[in-house]
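S.K.: Here it is, the structure, as structure tokens.
The values are calculated or read from the model by the stated rules, or taken from the named source; none is laboratory data. Because the structure is predicted, anything quoted here is derived from the model rather than measured. Please note: Cβ atoms are built from the backbone with ideal geometry, for glycine as well, and neighbour counts cover all protein chains shown. Accessible surface areas use protein heavy atoms only, side chains included; no ligands, DNA or RNA. Shrake-Rupley method; radii C 1.70, N 1.55, O 1.52, S 1.80 Å.
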Amino acid sequence: MTQATSLPRKKLPIGIQTFSHIRAENHYYVDKTAFALKLANEGKYYFLSRPRRFGKSLFLDTLAELFAANEPLFRELYCHDRWDWSIKYPVIRLSFAEGRLFTAADLNTHIHDNLHENAERLGVVRDMPAEDVHLRFKHLIQDVVAHSGQNVVILVDEYDKPILDNLTNPELARAMREGLRNLYSVIKGQDAHIKFAFLTGVSKFSKVSIFSGLNNLRDITLSESYSALCGYTDADVDSVFAPELPGLDRQKIRDWYNGYNWTGESVYNPFDLLLLFEEREFRPYWFETGTPTFLIDVLTQRGTFTPKLAALQSDAQLLNRFDIEDLGTEALLWQTGYLTIHSKRQMGARIEYRLGYPNIEVESALNDVLLKKLMGDASGASRAVGRLYDTLFANDFAQLEQHFISLYASIPHHWYTNNPIADYEGYYASVFYSHFAALGLDIVVEDCTHLGRIDMTVLFNGHVYLFEFKVIDTEEKASKGQTALKQLQDKNYAAKYHSRHEPIHLIGIEFSKRSRSVVGFVVA
């Protein structure tokens, strides 16, 4: 447990994305101005992709206040004595974060409204109701430069949201893409009038598909030095939020919420930590804010083998394969924040990434939702997860066998007959794995030893459980689990865990495709 501290507590900036509000109202603030200064000094055009609720909007607002030279807001921050406060740049801000747009006409109206708001704020309103979006944006930039005598700063928040909101309707999504491409194409053409531009969003749509000729954007999504641009680092938690830590298990905070990584320093999702400090209870706060049904449907429709999600390999091309016509599974999970980068390997001209869950919150919550989808009975799946915990805690293997039998028996018959989901290779093992993962236990999938890979290792309550799971076509091929158990024994998989000095249980399980039930269960 963290030791008590006498440091004064501040307000928690839950849901606040306005830099001036945070600075003026005595909220906690993690200083990101070193990143802002680095961006301004090193380049001109930037793009950043981060999952939802990672502080992108707050960082954009920080940039806006910095370029607008609102010096009092930055006192005592890193950039204060390193920035020229005598120059005030006009800032054009475009945001697609609010609401949902359901037609191309809605998008056009939204853009015109954004442009009008900027024109009013910057004092360059002109009457041009019939003007095309790209012409109005172009004229806005030119008018602002002429009026202020300074080049403009352009900040775009959630540049891709109109597309993402309509991915289930590809035709509409394409229309949204074309409307946004028309808007963003202006930025390159107005280079002579632009001081700085920064675009953020959740996804990394290919530059060809949405940014057209805007090929001068520097994509810092996977830049090691900008990995912690959004989110809180371990050091931030220990310093800035020190007054909030007493009474909370510090290692548990790391296990539950840390681990998001973009090839540099790992970070926490701010929304998770702020709500943890407010509620003093470990829960999947970020996950509960809106995991898209679309994502779960894609994973199940594609027959995703859920144990593989804990350790996926992907090259840079697959990681960036994200467009309306080609949504790569790895890219979808990574860009939305359900998988993160665990390691990077350079092999000549090829870069390979190892992906996995960032933390307990995401692994347990995502598998809980996937299990309910895989089993076709949400309430039954929920009850089964609770029973599994009690059974493991009691270390009752007879009950554990009955539990697995009941688990598969509880899947409704019509789910098999009316849904192709159960036909894909790995379906039954996916149910088995996600059932455990939904509990948030310490699990290793395809656990490597010098003689092979254990299907699944579970470390729980001072015990080590090594599982080998076999799927057979017919009961005639069944061995009552002995074949699976023999593999565990012959390869001496238990040796890896002898140093823990804890009871080790080898569990062989056989499952019949034909009867859709457990036909072998043996423990040693």
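S.K.: Counting only residues 5 or more places away or on other chains, whose amide H sits under 5 Å from the amide H of ASP315 once H atoms are built in the peptide plane?
M.R.: TYR353
S.K.: Further question on the same structure: Give me the extension gain from THR109 to ASN70: residue separation times 0.36 nm, minus the current Cα-Cα distance, reported in nm with one decimal.
M.R.: Details: separation 39, 0.36 × 39 = 14.04 nm, distance 3.10 nm.
Here the answer is 10.9 nm.
S.K.: If you don't mind, another one. Using modelled backbone amide H atoms (1.01 Å from N, in-plane), which distant-in-sequence or interchain residues come within less than 5 Å of MET456's amide H?
M.R.: Close amide H contacts, sequence-distant or interchain: GLU446, ASP447, PHE467.
S.K.: Restricting the count to DSSP beta bridges whose residues both fall in the chain, what percent are antiparallel, rounded to a multiple of 5?
M.R.: On the way: 33 of 60 bridges.
Among the beta bridges of the chain, antiparallel pairing accounts for roughly 55 percent.
S.K.: Another one. Could you work out how much longer the chain between VAL240 and ASN419 gets when fully extended? Use 0.36 nm per residue separation minus the Cα distance between them, nm to one decimal. Working shown, then result.
M.R.: On the way: separation 179, 0.36 × 179 = 64.44 nm, distance 5.05 nm.
Result for the pair: 59.4 nm of gain on full extension.
S.K.: Considering only the other residues whose Cβ falls under 15 Å of the Cβ of LYS138, what net charge follows from Lys and Arg at +1 and Asp and Glu at -1?
M.R.: Values: positive: ARG126, ARG136, ARG181, LYS188; negative: GLU131, ASP132, ASP143, ASP191.
That works out to 0.
S.K.: Can you give me the angle between helix 133-148 and the longest principal axis of the chain, using Cα atoms only, in degrees from 0 to 90, rounded to the nearest 10?
M.R.: Roughly 50 degrees between the two axes.
S.K.: What is the mean projected area of the alpha carbon convex hull for region 363-417, to one decimal in square nanometres?
M.R.: Numbers: hull surface 15.4 nm².
Computed as one quarter of the Cα hull surface, the answer is 3.8 nm².
S.K.: Turning to a different aspect of this structure: What pairs in LYS32/LYS88; LYS44/LYS204; LYS204/LYS344; LYS344/LYS372; LYS11/LYS308 have C-alpha atoms more than 30 Å from each other? Don't skip to the end; give the middle numbers.
M.R.: Working: LYS32/LYS88 20 Å; LYS44/LYS204 19 Å; LYS204/LYS344 19 Å; LYS344/LYS372 33 Å; LYS11/LYS308 41 Å.
Too far apart for the 30 Å limit: LYS344/LYS372; LYS11/LYS308.
S.K.: Using only alpha carbons, build the gyration tensor for region 277-368 and give me the equivalent ellipsoid semi-axes, biggest first, whole Å. Walk me through the numbers before you get to the answer.
M.R.: Numbers: eigenvalues 124, 57, 27 Å².
With the √(5λ) rule applied to region 277-368, the semi-axes are 25, 17, 12 Å.
S.K.: Roughly how many percent of the accessible protein surface of the chain is carbon and sulfur, given a 1.4 Å probe and a whole-percent answer?
M.R.: On the way: 10850 of 22320 Å².
Taking all protein chains in place, the chain shows 49 percent carbon and sulfur surface.
S.K.: Quick one: angle between helix 397-409 and the longest Cα principal axis of the chain, in degrees between 0 and 90, rounded to 10, please.
M.R.: Helix 397-409 sits roughly 60 degrees off the main axis of the chain.
S.K.: Taking amide H atoms as placed 1.01 Å from N in the peptide plane, list the residues 5 or more away in sequence, or in a different chain, whose amide H sits under 5 Å from that of PHE47.
M.R.: Counting only residues 5 or more places away or on other chains, the set is LEU199, ARG218, ASP219, ILE220.
S.K.: What are the ³J(HN,Hα) couplings of region 99-114, residue after residue, when phi is run through the Karplus curve with 6.51, -1.76, 1.60 and θ = phi - 60°? Round to Hz, x for glycine and proline.
M.R.: These are the phi-based 3J(HN,Hα) values: x, 10, 10, 10, 9, 4, 5, 4, 4, 4, 4, 4, 5, 4, 5, 4 Hz.
S.K.: Ok, one more. Which GluC sites (Glu not before Pro) does region 354-447 hold that lie in a coil by DSSP with at most 15 other beta carbons within 10 Å? Walk me through the numbers on the way to the answer.
M.R.: Details: sites: GLU361, GLU363, GLU401, GLU425, GLU446; in loops: GLU425.
Passing sites in region 354-447 are GLU425.
S.K.: Take SER223 and ASP297, extend 7 Å from each Cα along the Cα→Cβ direction, and tell me the distance between the two endpoints in nm.
M.R.: That separation, rounded to one decimal, is 3.7 nm.
S.K.: Also, I was wondering about something else. Starting from the Cα gyration tensor of region 307-466, take the square roots of the eigenvalues, sort them a ≥ b ≥ c, and report rounded, prolate or oblate (rounded when a/c is under 1.5, otherwise prolate if a/b is larger than b/c, else oblate).
M.R.: Values: a/c = 2.24, a/b = 1.42, b/c = 1.57.
Oblate shape, in that a/c is at least 1.5 and b/c is the bigger or equal ratio.
S.K.: Pairs of Cα atoms under 8 Å, at least six residues apart: use those to get the relative contact order of region 324-388, whole percent. Mind dumping the intermediate values first?
M.R.: Values: 44 pairs, mean separation 12.7, N = 65.
RCO, region 324-388: 20 percent.
S.K.: Where nothing but the Cβ of Lys and Arg (+1) and of Asp and Glu (-1) is charged, how large is the charge dipole of the chain around its Cα centre, in debye to the nearest 20?
M.R.: That gives the chain a dipole magnitude of about 580 debye.
S.K.: Going by average Cβ neighbours within 10 Å, how do the peptides 283-289, 241-247 rank, with the highest at the top?
M.R.: Top of the packing list down: 283-289, 241-247.
S.K.: Still on this model: Quote the accessible area belonging to HIS21 in square angstrom, nearest 10, computed with a 1.4 Å probe and with ligands, DNA and RNA left uncounted.
M.R.: For HIS21, solvent-accessible area is about 80 Å².
S.K.: Taking 8 Å as the Cα distance limit and 6 or more residues as the minimum spacing, I'd like the relative contact order of region 358-461 as a percentage. Before the final figure, lay out each step's value.
M.R.: Numbers: 99 pairs, mean separation 35.7, N = 104.
Result for region 358-461 is 34 percent.
S.K.: Hey, got the dipole for region 168-251? About the Cα centre, +1 on K and R Cβ, -1 on D and E Cβ, debye to the nearest 20? Don't skip to the answer; put the middle values down first.
M.R.: Values: 9 positive and 10 negative charges, 139 e Å.
It comes to approximately 660 debye.
S.K.: Further question: Going through region 50-129, which trypsin sites (Lys or Arg not before Pro) have at most 15 other Cβ atoms within 10 Å and a DSSP loop state?
M.R.: Values: sites: ARG52, ARG53, LYS56, ARG75, ARG82, LYS88, ARG93, ARG100, ARG121, ARG126; in loops: ARG52, ARG53, ARG75, LYS88, ARG100, ARG126.
Listed in order of number, the matching sites are ARG75, LYS88, ARG100, ARG126.
S.K.: State the extension gain, in nm to one decimal, for the chain segment bounded by SER20 and THR474, taking 0.36 nm per residue of separation less the distance between their alpha-carbons.
M.R.: Values: separation 454, 0.36 × 454 = 163.44 nm, distance 6.69 nm.
Fully extending the segment from SER20 to THR474 adds 156.7 nm.
S.K.: Ok, one more. With all protein chains present and a 1.4 Å probe, how do GLU71, GLU224, GLU325 order by accessible area, largest first?
M.R.: Working: GLU71 40, GLU224 130, GLU325 110 Å².
Listed by decreasing accessible area, they come as GLU224, GLU325, GLU71.
S.K.: What spacing in nm lies between the two simple spin-label points modelled at ASP315 and ASP132, each 7 Å away from Cα in the Cβ direction?
M.R.: Roughly 3.9 nm, to one decimal.
S.K.: Quote the relative contact order of the chain in percent (integer), defining contacts as alpha-carbon pairs under 8 Å separated by 6+ residues. Show your work: numbers first, answer last.
M.R.: Numbers: 867 pairs, mean separation 63.1, N = 524.
In percent, rounded to a whole number, it is 12.
S.K.: Something else: Which three semi-axes in whole Å describe the equivalent ellipsoid of the chain, each the square root of 5 times a Cα gyration tensor eigenvalue, listed largest first? Intermediate results must be reported in sequence, preceding the final value.
M.R.: Numbers: eigenvalues 470, 148, 74 Å².
Gyration-tensor ellipsoid for the chain: 48, 27, 19 Å.
S.K.: Cα centroid distance between region 57-77 and region 177-194, in Å?
M.R.: 25
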